[in-house]
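The structure appears right after this line, and notes come after that.
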Amino acid sequence: MIRLGAIASLALLVSCAAQPVADTASAPLQSGRDYHTLANVDEFRVRHLALDLTVDFDARRLAGGADLTVERIAGAGRTLVLDTRGLDVASVELLAPGAAPQPLAFSVGAADAHLGAPLSIALPSDLAKFTLRIRYSTRPEASGLQWVAPAQTAGKVAPFLYSQSQAIHARSWLPLQDSPQVRFTYEATIRVPAGLRALMGAEPDASSGLDGVFRFDMPQAIPSYLMAIAAGRLEFRPIGGRTGVYAEPEIIAAASREFADTEKMLETGESLFGPYRWGRYDVLILPPSFPYGGMENPRLSFITPTVIAGDRSLVALIAHELAHSWSGNLVTNATWRDFWLNEGFTVYLERRIMAAVYGPRRAAMEDLLGFQSLEREVATLPPAEQILAIDLRGRDPDDGMSEIPYEKGRFFLGWLESRVGPPALHAFLQDYFAHFAFQSISTEQFRDYLDARLLAQHPGAVTPAELDQWIEQPGLPATAIRPQSDALIQVDAARAAFLAGARAPADLPHAAWSTQEWLYFLGNLPESMPRAQLDALDAAFDLTHATNNEIAFNWLSIAIRNGYEPAWPRLEQYLESIGRRKLIVPLYSAMMKTQDGAQRARAVYARARPGYHPITAASLDAIVGAP
Ligand code: BES
Ligand code: ZN
């Protein structure tokens, strides 16, 4: 589509819209270069965004305008290129104070499978700083939005909308430089049907909500993947002075009980990592189709309801999303290759928060469970996928999601801690967060800072070769510090006694077991088990009807690989009621391994798919087949 404004020439547009889309994997990789944006971020930077959007549930569409304030940072080019994916752009205007808006020529280029389509805008001159108004609307299938039908919510009476922008889905609901190295402040006006509440990862205006109009202000500069919006039938309940829960009325009591320790976690985070720089920390409970456990949207983490277990056993998720307030949101990965700086650091901080709030026994169990997941991932992933600083050129950055950035990153920091001593590493991290606050950094920038501010003071503590091995090589280095959990050693003994027939299930020390002990018990049962043992476990503990979703996941995995039919109705109900990828993708994959399982997988998928998020459906289409 080409539209011409008064000034720009078509020739200019066409010549400048040709951007390199994806470099070949053989070309040397440039540190700090974002291969997942089509925007010309080296010439221009978006500094501020003013959004005005109407939420249309019937049309499943956001429509309105985005005013982008942009600064030139290099050159004299006259084309600004932004990222979009499936946006319908109606007009682009240059806004100047005291003058009428000036229409500008723009074109939307061909779409790349992963990156979306470049929106090229012709500027009338070599402006140094300017504000553009882009009028646009989204498509119902926008990859970064889920339009949830009333039937898929807790209350079943009103629809629900939420965004998931990480990694590169923000471009499917707003035109911008969708790169983690561009930070901007924003303000927004969001219009929703009367009776619903709109939320963003921003400060709500106190007068908001009258007549379905909500205003937000985000004074801290954020990268685009942290742009977040939600709308639904939502209530608020405070937890502490700076923390609270937004949820549908049907689940708000359970949610606020479950997450009652959030204020304590926030205080703990500040004492360990430095000041909390975002004002409030609230959580929003999403419908069960949310594809992730949680998303660290600033000021307002988005959280799956599948962790509301009734006993706070799965709240490490909150510690994790909160920890991103330092690692990720404050100091941000410059590119998706550097994702481990976000996630590995965050898992490390998460475990420190858990140890401080719930004690070292619980943290050690979670740490060992994480280490085991890492060992299993290392045993199965191709070597190129096991590298912390992973090359994701030409791929969807969501493919970089594995235990590698998370747990290998966490155990890298654990290893570093063992070499320089905890006090030195802890002090270093506080300095790191202060030094790079509100900046985006690459793996190499981190290494330079590490060399200068930690390793120079501890000569001989680690060698450059060891660092290379951790960061650039596949595998889990033998020098990794394996977590020690006395509690889980006892579970090993109990499991061995059960498997040897020396102890009946009822005689296991299960009464004292926490969720983590159950996960370890179940997660380390043999691949294949006799039916009698499965019957005995199920008879003693009714695992088929476990209400803890992580325990149920483990049991259902066991049931699938052993053909344990009594679990089938529960398995189907589980797959139809939960859309969190980590909990359902492995179950579908396991089912696809047998002919009978594949048949059941396809049948349940046909029923469940309409309720899944577009990105969950996309992963499952590849595994189960599109219905
Ligand atoms: N930032 C991630 C979620 C994410 C990563 C979304 C990459 C899209 C692309 C979030 O902080 C996260 O890590 N969530 C985990 C939970 C955690 C406890 C490991 C999840 O959702 O499983
Ligand atoms: Zn995370």
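For region 416-432, take each phi angle, set θ = phi - 60°, evaluate the Karplus expression 6.51 cos²θ - 1.76 cosθ + 1.60, and give the result in whole Hz per residue in order, putting x for glycine and proline.
4, 4, 5, 7, 9, x, x, x, 5, 5, 4, 5, 4, 5, 4, 5, 4
Less than 12 Å Cβ to Cβ from Pro287, Lys/Arg counted +1 and Asp/Glu -1: what total charge do the surrounding residues give? Don't skip to the answer; put the middle values down first.
Values: positive: Lys156, Arg233, Arg580; negative: Glu248, Glu250.
The answer is +1.
Rounded, prolate or oblate: which fits region 21-124, taking a ≥ b ≥ c as square roots of the Cα gyration tensor eigenvalues, rounded meaning a/c under 1.5, else prolate when a/b beats b/c? List each step's numbers first, then the result.
Numbers: a/c = 2.14, a/b = 1.29, b/c = 1.66.
Oblate shape, in that a/c is at least 1.5 and b/c is the bigger or equal ratio.
Relative contact order for the chain using alpha-carbon pairs under 8 Å, separation at least 6, rounded to a whole percent? List each step's numbers first, then the result.
Numbers: 1215 pairs, mean separation 69.9, N = 627.
In percent, rounded to a whole number, it is 11.
Using alpha carbons only, how many degrees (0 to 90, rounded to 10) separate the axis of helix 549-561 from the longest principal axis of the chain?
The helix 549-561 is inclined about 70 degrees to the chain.
Using only helices, what value at 222 nm comes out for the chain when you add -39,500 (n - 2.57) per DSSP H run of length 4 or more and divide by the total residues, to the nearest 500 deg cm²/dmol?
Details: 18 runs with 215 residues, N = 627.
Value at 222 nm, helices only, nearest 500: -10500 deg cm²/dmol.
By a straight-distance test (C-alpha under 29 Å), which lysines pair with Lys582 as possible cross-link partners, with residues fewer than eight away in the same chain excluded?
List returned: Lys156, Lys264, Lys408, Lys593.
Please give the residues of region 385-424, grouped as numeric ranges, whose backbone N is less than 17 Å from a label point set 7 Å along the Cα-to-Cβ vector of Ala618.
Correct set: 392-402.
Can you give the angle from 0 to 90° between the axis of helix 595-608 and the longest principal axis of the chain, with both taken from C-alpha atoms, to the nearest 10?
In the chain, helix 595-608 runs at an angle near 50 degrees to the longest axis.
With unit charges on the beta carbon (Lys/Arg positive, Asp/Glu negative), name the residue among Val148, Gln372, Pro477 whose Cα is farthest towards the positive pole of the charge dipole of the chain.
Value computed over the given set: Val148.
If you place +1 on the Cβ of every Lys and Arg and -1 on the Cβ of every Asp and Glu, how big does the dipole about the Cα centre of region 508-623 come out, in debye to the nearest 20? Mind dumping the intermediate values first?
Working: 11 positive and 11 negative charges, 91 e Å.
Here region 508-623 has a charge dipole of around 440 debye.
Among Thr189, Ala606, Tyr246, pick out the residue whose Cα is farthest towards the positive end of the charge dipole of the chain, where Lys and Arg carry +1 and Asp and Glu carry -1 on C-beta, about the Cα centre.
Ranked along the dipole, the leading option is Thr189.
Starting at the first residue of region 116-132, write each ³J(HN,Hα) from the Karplus equation 6.51 cos²θ - 1.76 cosθ + 1.60 with θ = phi - 60°, in whole Hz, x for Gly and Pro.
Karplus values, whole Hz, x for Gly and Pro: x, 10, x, 9, 9, 10, 8, 8, x, 7, 7, 3, 8, 8, 7, 10, 10.
Under the Karplus relation 6.51 cos²θ - 1.76 cosθ + 1.60, θ = phi - 60°, what is the ordered set of whole-Hz ³J(HN,Hα) values for region 219-229, x standing for Gly and Pro?
Values per residue, Gly and Pro as x: x, 8, 6, 10, x, 4, 5, 9, 5, 8, 9 Hz.
For region 164-241, calculate the relative contact order in percent as a whole number, restricting contacts to Cα pairs under 8 Å that are 6 or more residues apart.
Details: 128 pairs, mean separation 30.4, N = 78.
So the answer I get is 39 percent.
Which percentage, to the nearest 5, of the DSSP beta bridges contained in the chain is antiparallel? All intermediate terms of the calculation are to be shown ahead of the outcome.
Working: 69 of 88 bridges.
Beta bridges within the chain, antiparallel portion: roughly 80 percent.
Among Ala100, Leu416, Ala158, flag the residue with its Cα farthest along the positive direction of the charge dipole of the chain, charges on Cβ as +1 for Lys/Arg and -1 for Asp/Glu.
Of the candidates, Ala100 comes out farthest on the positive side.
Could you tell me which trypsin sites (Lys or Arg not before Pro) in region 163-212 are loop residues by DSSP with no more than 12 other beta carbons within 10 angstrom of their beta carbon? Write out the running numbers ahead of the final one.
Values: sites: Arg171, Arg183, Arg191, Arg197; in loops: none.
For trypsin sites (Lys or Arg not before Pro) across region 163-212 that sit outside H, G, I, E and B with at most 12 neighbouring Cβ atoms in 10 Å, the list is empty.
Net charge near Val624: determine it from the other residues with C-beta under 9 Å of the C-beta of Val624, scoring Lys and Arg +1 and Asp and Glu -1. List each step's numbers first, then the result.
Numbers: positive: Arg602, Arg609; negative: Asp621.
Combined, the nearby Lys, Arg, Asp and Glu give +1.
So, with +1 on the Cβ of K and R and -1 on the Cβ of D and E, and no other charges, what is the size of the charge dipole of the chain about its Cα centre, to the nearest 20 debye?
Working: 55 positive and 69 negative charges, 167 e Å.
Result for the chain is approximately 800 debye, rounded to the nearest 20.
Roughly speaking, what is the stretch gain from Phe236 to Glu141, that is 0.36 nm per residue apart minus the C-alpha to C-alpha distance, in nm to one decimal? Mind dumping the intermediate values first?
Numbers: separation 95, 0.36 × 95 = 34.20 nm, distance 2.93 nm.
That pair, Phe236 and Glu141, stretches by 31.3 nm at full extension.
Taking a ≥ b ≥ c as the square roots of the eigenvalues of the Cα gyration tensor of the chain, is the shape rounded (a/c under 1.5), prolate (a/b larger than b/c) or oblate?
Working: a/c = 1.74, a/b = 1.43, b/c = 1.22.
Prolate.
Dipole magnitude of region 334-472 about its Cα centre, charges +1 at Lys/Arg Cβ and -1 at Asp/Glu Cβ only, in debye to the nearest 20?
Numbers: 13 positive and 22 negative charges, 99 e Å.
So the dipole magnitude of region 334-472 works out to roughly 480 debye.
What is the sum of charges, Lys and Arg at +1 and Asp and Glu at -1, for the other residues whose Cβ falls under 12 Å from the Cβ of Ala202? Provide the component values of the computation, followed by the final result.
On the way: positive: Arg215, Arg280, Arg299; negative: Glu187, Glu203, Asp205, Asp217, Asp282.
Net local charge, Ala202 excluded: -2.
Report the full-extension gain for the segment Ser577 to Asp486: residue separation times 0.36 nm, less the Cα-Cα distance, to one decimal in nm.
Details: separation 91, 0.36 × 91 = 32.76 nm, distance 3.58 nm.
Computed gain between Ser577 and Asp486 is 29.2 nm.
Each value in this text was obtained by applying a stated rule to the coordinates, not by laboratory testing. Note that the coordinates shown come from a computational prediction; the quantities given were computed from them, not determined experimentally. Neighbour counts run over all protein chains shown; Cβ positions are idealised from the backbone, glycine included.
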